[in-house]
Amino acid sequence: MDAFFVSAELVRRPELVGKPVVVGGTGNRGVVAAASYEARSFGIHSAMPAFRAKKLCPEAIFLPGDHTYYAATSYKVMQIFNRYTPLVEPISLDEAFLDVGGSQRLYGTPVEIAKAIREDIRSEQGLNCSVGIAPNKFMAKLATEEAKPSPSESGPIPGIGVMVIHPDGVIDFLDKLPVKALWGVGPATVKRLAQLGITAVSELRTFPLNALKDALGKVQGTHLHRLSFGIDERSVEPTHVAKSISNEETFANDLFDLARVHSELFRLSDSVGKRLRSSENLARTLSLKVRLSDFSTLVRSVTLPNPTDSGKVIARETIALLETIDLAIGVRLLGVGASNFSQTKDGLQLSFDELESNDREWRETEDAIDIIRSKYGPDSIGLVSTLTEKGLNSKKRGIQQWGPESSK
C-alpha cells in the first residue's frame, strides 16, 4: 500500500489531500509512522523522531495513529487479495505476498491480476497500492519499491504502479542497486561491506564467497551472496504463527514513582495476558524491558515451571524481575513480553504455588473479564491500578505504538 496510514486517514479527511500529512506519535518522544509524499519532499520519513519532522516541515499536519482503524482497513484490503488467490501471506498491515501461479486460468496473467487488484482497492477503499511481479518473494519486494510513487521538491512523482521483473532480467535489475537494497543489510553491514570495497550488488556478486563468509560470518555471507543472484526459495505461507507477544510503552515524562511503575506493569501484563488467551497460547517465558532516562535498555526474563496466560501471573513475575534493576534515574519505557508458547488445548497444569496464590480462581475471573470486555468494550472493566480521573486506562493494541501523544 502507498503511504498506507496517511492514505487511510485521507479517505476520512479528504480536505487534507495534497497537504504534508504525518501520522504517528505527536509528542516530543513520538516517532513518525507514515508521511504523505508531500511531507516526504521535506525529508520526513517513517521512524523519524516527531520533533525532527516538525523542524523539517513546521506546516506539516500531524495526526495521531489509529491502529484500530488501520487494522480494519487492512482486513478489507486482504479480503480483496483473497479473491484472487488463497495463497496470501500478510507481512504487515499494509503489505503481503501473493502467489498467483494457480490463478491465471481464472483471472489472467499476473499483470492483469495486479491491475484488477489495484482497481478493486481503489474503487472499494479509495486507496492506492503498488505491485511488484517477479519469480520469487525477494525480487517481488524490490519490484514493488520500484513501482511506488516518489517525492520531489515540486511534488509527488506518480509511480508506474506495476513493475515486472522477468526471470531473464533479474541480474540486470539487481546490478542497478546498492547493497543496502538487499534484505538483511543494515547500516553496520553497509559499513563492513564498504571496508571490503563493496557498495553495489554487482560488486557483491563477484566478491569471493569464502572471503565474504570470513568477513560477515558463514550464515550472513552465504545469504547475501545468494541474494546478489536473486535467489530466494521461500514459498508464500498463508498462515503465520506468532512466536511471541509483547506490549511496550514510552512515557511522556520519565517515571520515578515505583507505585506508578508497578501500575504500568500491571496494565501491560493485563494486555499481554488477554492477547495470549485470545490466541489460545500459553507462555512459559516472560520478559521485562526497561529503558532508563539515559536511553540504556535492560532486558530480564524468566522461564516458568508451568506456562501461563494470566495477566496476574505475568505481572507478578515481571515485577519480581524489576527488583533487579536500579530505577533511580527514571524510567523512559517499559515493555512486557511472552514467548515459548504451547497451546491452551494442551491444558493448564495446576501447581501448589497456584493453589496458595489463588491463581486458578483469578484465571477463571480473567475469562469472565474477557467476555465483558468483548461485549461492552476494553474500558468497561479492568484493574483498579489502571483507574484514572477519566476512567479506566486499559492498554489497547496499537495505542501509543509510535510514542506518547504529548509531554506535559
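Summary of computed values
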item	result
Hypothetical label at PHE295: residues of region 15-51 whose amide nitrogen lies under 17 Å (7 Å Cα-Cβ projection)	28-32, 47-51
Candidates per chymotrypsin sites (Phe, Trp or Tyr not before Pro) in region 234-289, loop by DSSP, up to 13 other Cβ within 10 Å	PHE256
Estimated distance in nm for a label pair at ASN253 and PHE229, the labels positioned 7 Å out from Cα along Cα-to-Cβ	6.0
Rounded tilt (10° steps) of 67-84 against the dominant C-alpha axis of the chain	50
Cut-off 15 Å between beta-carbons: net charge of the residues surrounding ARG300, Lys and Arg +1, Asp and Glu -1	-1
Residues THR239 and THR303, FRET efficiency given R0 of 22 Å [Cβ-Cβ distance, rounded to 0.05]	0.25
Principal-axis tilt of helix 137-147 within the chain, Cα atoms, nearest 10 degrees	70
Base-10 log of normalised Debye intensity for the chain (one unit scatterer per alpha-carbon) at q = 0.08 Å⁻¹	-0.56
Cβ-based net charge around HIS225, under 11 Å, with every Lys or Arg adding one and every Asp or Glu removing one	+4
Amide H within-cut-off set for ALA200, under 5 Å, with H built and near neighbours excluded	VAL179
Length gained when the stretch ALA215-HIS166 is fully extended (0.36 nm per residue, less Cα-Cα span)	14.4 nm
Fewest-first sequence of ILE314, ILE160 by Cβ atoms within 10 Å of each Cβ	ILE160, ILE314
Loop-located GluC sites (Glu not before Pro) in region 249-291 whose Cβ has at most 16 other Cβ within 10 Å (DSSP)	GLU280
Cα centroid separation - region 221-260 against region 1-48, whole Å	23
Formal net charge of residues neighbouring GLY108 (Cβ-Cβ distance under 15 Å; K, R +1; D, E -1)	+1
Cα-centred dipole magnitude for the chain, charges only on beta-carbon of K, R (+1) and D, E (-1), debye, nearest 20	580
Spacing of the two label points (7 Å from each Cα toward its C-beta) at TYR376 and SER152, in nm	5.8
Dipole of the chain, positive end: most advanced residue of SER46, ALA338, GLY311 [Cβ charges, Cα centre]	SER46
Cα-based equivalent ellipsoid of region 171-230: semi-axis lengths in Å, sorted from largest, via gyration tensor	16, 12, 10
Karplus (6.51, -1.76, 1.60) ³J(HN,Hα), θ = phi - 60°, over region 34-43, in Hz, Gly and Pro reported as x	7, 9, 5, 5, 5, 6, 5, 5, 8, x
0 to 90° range, to nearest 10: angle between helix 218-227 axis and the chain longest Cα axis	40
Cα-centred dipole magnitude for region 85-147, charges only on beta-carbon of K, R (+1) and D, E (-1), debye, nearest 20	180
Per-residue [θ]222 nm for the chain (sum of -39500 (n - 2.57) over DSSP H runs n ≥ 4, rounded to 500)	-12000 deg cm²/dmol
Low-density loop cleavage sites - GluC sites (Glu not before Pro) in region 25-115, where at most 11 other Cβ are within 10 Å (DSSP)	GLU59
Alpha-carbon centroid distance for the pair region 157-186 / region 63-141, whole angstrom	19
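Where a number appears in this text, it was derived from the coordinates with a stated rule and is not lab data. Here the structure is a predicted model, which is why all the values come from computation and not from measurement. Cβ coordinates were reconstructed from backbone atoms using ideal geometry, including for glycine residues, and neighbour counts include every protein chain displayed.
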